[in-house]
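**Q** The structure under discussion is supplied below as structure tokens; questions concerning it will follow.
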């Protein structure tokens, strides 16, 4: 009954039903159970916050599954890499999957599940969920920059610049202050042999995040291909400083030095 009331937007009535469920035998009043009000997965004001009961402050017991999914997602986002993040990733995937089977909060459930799949390098399932979420949110006139940026990044990992480009262009339009989206757009444009546009994207990425070794490396590579050796050495040197143990950066820097020497005219006998 609580789920029905919540789906109809009757949030107070849903809270009453969920409270009755939490206090019903045989588990009502059990130790280790606590309740809290939490935002639902679907964005809304404070009036849409719903009660959810947790066992041992982590497992869903009863109440709003939408609120629990949001809580699991928020804790996943906040957790450092490690066992805790893996735990909340699993909880988010499981809770979002139940919401989807029930037909509840579908665009947002696809979104968080897809983003967790992307974090876990489950690329194909991530793309499927995020494309579904993106289409449905676009129909609701709620385009999502993070979805677009993640889809673009996933397609880049599959070496598919053609598929990546429209998503990354949408991402920087929606989130113009996202250094990561500009960085990935620059790489996609390099792969698409759009050198001038790629340089502009990488310039913007470095304006937003000057500590990105990847952006310095990619712009250095761009300069190297254009035979701008001094600029390539500068950018690759910065990449090497930021990522001192990166073999790929070191090898390209050595190659740039060799090319610069090869293209530097030898001094004349008279010293001129």
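The values are calculated or read from the model by the stated rules, or taken from the named source; none is laboratory data. In this text, all values refer to a predicted model and were calculated from it rather than measured experimentally. For neighbour counting, all protein chains shown are included, and Cβ atoms are generated from backbone atoms with ideal geometry for every residue, glycine included.
**Q** With the checklist (1) assigned to a loop (DSSP other than H, G, I, E, B); (2) under 30 Å from residue 258 (Cα atoms); (3) out of contact with any helix residue (DSSP H, G or I) (no Cβ under 8 Å at 6 or more places or on another chain) in hand, flag the one item residue 196 doesn't pass.
**A** So the condition that residue 196 fails would be (1).
**Q** Please go through region 212-239 and pick out each residue that is crowded, with 21+ Cβ neighbours inside 10 Å and either farther than 16 Å from residue 190 by Cβ or touching a residue at least 60 places away in the same chain (Cβ under 8 Å) (or both).
**A** If the condition is that a residue be crowded, with 21+ Cβ neighbours inside 10 Å and either farther than 16 Å from residue 190 by Cβ or touching a residue at least 60 places away in the same chain (Cβ under 8 Å) (or both), then 238 is the only one that fits.
**Q** Still on this structure, please answer the following. Determine which member of the set 157, 148 is within 25 Å of residue 173 (Cβ to Cβ), touching a helix residue (DSSP H, G or I) at 6+ places or on another chain (Cβ under 9 Å) and buried (at least 21 other Cβ atoms within 10 Å of the Cβ).
**A** Details: 157 fails: buried (at least 21 other Cβ atoms within 10 Å of the Cβ).
Result of the check over 157, 148: 148.
**Q** Given the structure, is residue 249 under 26 Å from the mean Cα position of the chain (by Cα), surrounded by 20 or more Cβ atoms within 10 Å (Cβ to Cβ) and farther than 29 Å from residue 145 by Cα?
**A** Details: under 26 Å from the mean Cα position of the chain (by Cα): yes; surrounded by 20 or more Cβ atoms within 10 Å (Cβ to Cβ): yes; farther than 29 Å from residue 145 by Cα: yes.
Judged against the criteria, residue 249 is a match.
**Q** What's the number of the only condition in (1) in contact with a helix residue (DSSP H, G or I) (Cβ under 8 Å, 6 or more places away or on another chain); (2) surrounded by fewer than 20 Cβ atoms within 10 Å (Cβ to Cβ); (3) at pLDDT below 80 that residue 14 fails to meet?
**A** It is condition (2) that residue 14 fails.
**Q** How many residues does region 176-190 contain that are surrounded by fewer than 16 Cβ atoms within 10 Å (Cβ to Cβ) and touching a residue at least 24 places away in the same chain (Cβ under 8 Å)?
**A** The number of residues fulfilling the criteria is 1.
Listed here are the residues, each with its yes/no results for (1) more than 20 Å from residue 118 (Cβ to Cβ); (2) modelled with pLDDT under 95; (3) exposed (fewer than 14 other Cβ atoms within 10 Å of the Cβ).
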residue	(1), (2), (3)
45	yes, yes, yes
60	yes, yes, no
81	no, no, yes
87	no, no, no
95	no, no, no
